[in-house]
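Worksheet: the structure to be examined is printed underneath.
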Amino acid sequence: MLSSAIVLITLALVFYTVGVWAERRHGTLTWLHAVFFALGLTFDVAGTTIMSRIAAAGGLDTTGTAGMLNQIMAVTGAAALLIMAVHLVWAVVVLVRDRENERDAFHKFSVGVWAFWLIPYFTGMIGSMAS
């Protein structure tokens, strides 16, 4: 199950990264970018669900450095999922309202969300290696 979670969460990283940086390069938000945000969120939720099941079954190290990193990953991961969901909803709102200034400035928010999302991704990776 762990390998499935790793693949899903890595796919989330790929899709979210493509969406955020394609939006930034394009200079304005498009529906395609929102699709990539949605795919990133979907894969992250799927991977996180599997990781939660592993943790509930006692499959994650809860001691020492690995345990501390896994706890940081859990807290920041939950926050990141919430922020990613807000990001996606806000992207849809901006696209539906179709105000050029909002679409053009949206990438500033996107990069911040993406950067925050990297915290649980890398703490989880390091925590797994420390186990």
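Could you list, in sequence order, the residues of the range 75-131 that are among the polar types (S, T, N, Q) and either exposed (fewer than 13 other Cβ atoms within 10 Å of the Cβ) or closer than 28 Å to residue 27 by Cβ (or both)?
Taking the range 75-131 as the starting set, the residues that turn out to be among the polar types (S, T, N, Q) are 76, 101, 110, 123, 128, 131.
Across the range 75-131, the qualifying residues are 101, 110.
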Inset, instruction - Name the single residue, out of those in the range 35-60 being surrounded by 21 or more Cβ atoms within 10 Å (Cβ to Cβ), among the aliphatic types (A, V, I, L, M) and within 18 Å of the chain's Cα centre (by Cα), that is nearest to residue 82 (Cα to Cα). - result: 41
Legend entry - Residue ID - nearest to residue 99 (Cα to Cα), chosen from residues in the range 14-34 that are surrounded by 19 or more Cβ atoms within 10 Å (Cβ to Cβ) and within 10 Å of the chain's Cα centre (by Cα): 16
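Only the coordinates and a few stated rules stand behind these numbers; no lab work does. Only a predicted model underlies this, so the values are computations on that prediction, with no experimental measurement involved. All Cβ positions, glycine included, derive from the backbone under ideal geometry; neighbour counts span all protein chains shown.
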